[in-house]
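Structure first, commentary second.
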Amino acid sequence: MAKDWTDQDGRKYPVAVKQHEDRLNSGGSTGMGAWLWHRAKPYTPPWIVTGAVGLAGAGAHELWGNSPWPGVGLTLASVGLTAATWWAGKSTGQQRRLHSAITVAAGSSWFTAVALSGPFTGPLPDLFLMGGASLALTWN
């Protein structure tokens with residue numbers, strides 16, 4: 001049995017339901033845990049990226065925390081990444097393009113601040129927990 005599935009851009013794809021069910025059941029592990037993991041998998045990438053940015057920021061502070069020059073480089077990199085994201089998103093919709101650029105600007109700004117002042121300085125831990133979770137949720 002095949003069903004049509006429509007993606008965000010309006011393209012239609014046939015999905016073979018039986019094949020999909022067989023793939024779910026062929027992993028060797030069955031039950032509620034496997035089903036929950038299958039359902040959660042599509043939502044994990046933004047959370048993984050958020051955690052990776054947090055770890056990378058703490059590591060960058062160890063490398064560059066005592067030097068003023070990385071501040072210049074990281075600021076220029078943040079602006080360049082945000083501009084590149086805006087440019088690369090020109091073929092997508094306006095909402096997705098803006099959302100991508102805002103996400104990159106927020107993440108790279110937080111990374112720059114943490115790399116220069118430390119992950120536990122001022123409001124940075126709270127910004128990571130609240131802002132990172134909020135951005136990950138907007139992508140979900």
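Computed over neighbours whose Cβ is under 15 Å from that of Leu135, the net charge equals 0, Lys and Arg +1, Asp and Glu -1. Volume per residue for segment 71-139 equals 66 cubic angstrom (convex hull of Cα atoms). For helix 94-117, report the angle its Cα long axis makes with the longest principal axis of the Cα atoms of the chain; keep it between 0 and 90° and round to the nearest 10°. Approximately 40 degrees, to the nearest 10.
Here the chain is assigned +1 on the Cβ of each Lys and Arg and -1 on the Cβ of each Asp and Glu. Its dipole about the Cα centre then comes out at about 460 debye. Note on Ser109: accessible area approximately 70 square angstrom, rounded to 10, probe 1.4 Å, nucleic acids and ligands left out.
Once the Cα atoms are used to define both axes, helix 45-64 deviates from the longest principal axis of the chain by about 20 degrees. Taking all protein chains together and rolling a 1.4 Å probe, Lys12 ends up with roughly 140 Å² accessible.
Grouping the Cα pair distances of the chain into 10 Å bins from zero gives a pair-distance distribution of 10, 28, 27, 20, 12, 3, 0 percent in increasing distance order. Taking the Cβ-Cβ separation of Lys12 and Gln95 as r and a Förster radius of 22 Å, what is the calculated FRET efficiency to the nearest 0.05? That gives a FRET efficiency of 0.55.
The values are calculated or read from the model by the stated rules, or taken from the named source; none is laboratory data. Remember, predicted model here, so these are calculated numbers, not experimental data. Please note: Cβ atoms are built from the backbone with ideal geometry, for glycine as well, and neighbour counts cover all protein chains shown. Note: areas computed on protein heavy atoms with side chains; ligands, DNA, RNA excluded. Shrake-Rupley method; radii C 1.70, N 1.55, O 1.52, S 1.80 Å.
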